[in-house]
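Structure first, commentary second.
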Amino acid sequence: MTNVVVFGAGGRAGRAVLAEAERRGIDATPVVRDPARHPDVAGAVPGDATSAADVERVARGHDAAIVAVYAAELDTAAYGPAMRALLEGLERAAVPRLLLVGVATTLPGEHGVPVFEEPEFPADWRPFSRARADELDVLERYAGPVDWVLLTPPMELVEKPGDTRYEIRNFGGPLTYAALACALLDEAAEGRHHRRQIGVSGT
């Protein structure tokens, strides 16, 4: 793997991916909706991960796409269609690998169902988690050529520069953004998991 395109490059996870890619000598194209809002992200290009046309335009020629977009303002009914648009754009661009950052509430909890479906889960938080579960459903039903992995950190993500330790398991210790970036880029390079959601936690 020699290059990646990073959607959501203006956020903390996206910036951590860019920094780790630079450290590894990997070319990374940062994509944000409005580069003017992120003047400190060098080389940022405009693009919307929910638009198949935008995804095709900015992703073409890359070995993998990393999506670290947090879009809480998106209508909950739009998450499934947005994921289909992302996959369509990557197909058109012939990008073979997709790594996404998930949310911990879609992982199975102690009763074997996603955390957001547990009886004690706050009702106000359910719509967003259910929308993210819709994304996962689209991915799991997808039979096209893009090989995807949804890497899901714990609910506690922390800033701790230099701490890149992580392990693949659900609901472990707090994870640093630097470690999440390493997990994403390791998976992009090594391809250890395929078409599934996996938990990533601190050690």
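The values are calculated or read from the model by the stated rules, or taken from the named source; none is laboratory data. Only a predicted model underlies this, so the values are computations on that prediction, with no experimental measurement involved. Here Cβ is always computed from backbone atoms with ideal geometry, including for glycine, and neighbour counts include all displayed protein chains. For the accessible areas, the whole protein counts, side chains as well, though only heavy atoms, and no ligand, DNA or RNA atoms are used. Shrake-Rupley method; radii C 1.70, N 1.55, O 1.52, S 1.80 Å.
Things to note:
- Neighbours by Cβ (under 6 Å, 6+ apart or cross-chain): first from the stretch 141-153, part of a loop (DSSP other than H, G, I, E, B); second among the β-branched types (V, I, T): P153/V200
- Index of the failed condition, R132 passing every other in (1) in contact with a strand residue (DSSP E or B) (Cβ under 9 Å, 6 or more places away or on another chain); (2) open to solvent by less than 40 Å² (accessible area, probe 1.4 Å): (1)
- Tally, over the stretch 1-20, of residues that are open to solvent by 20 Å² or more (accessible area, probe 1.4 Å), part of a helix (DSSP H, G or I) and not aliphatic (A, V, I, L, M): 2
- Residues of the stretch 168-192 classified as touching a strand residue (DSSP E or B) at 6+ places or on another chain (Cβ under 6 Å), open to solvent by 30 Å² or more (accessible area, probe 1.4 Å) and of a type outside the set (A, V, I, L, M), total: 3
- Residue check for D124: open to solvent by 20 Å² or more (accessible area, probe 1.4 Å) and either in a loop (DSSP other than H, G, I, E, B) or modelled with pLDDT of 95 or more (or both): no
- Selection count, the stretch 21-73, where residues are in a loop (DSSP other than H, G, I, E, B) and free of Cβ contacts under 8 Å to residues at least 12 places away in the same chain: 4
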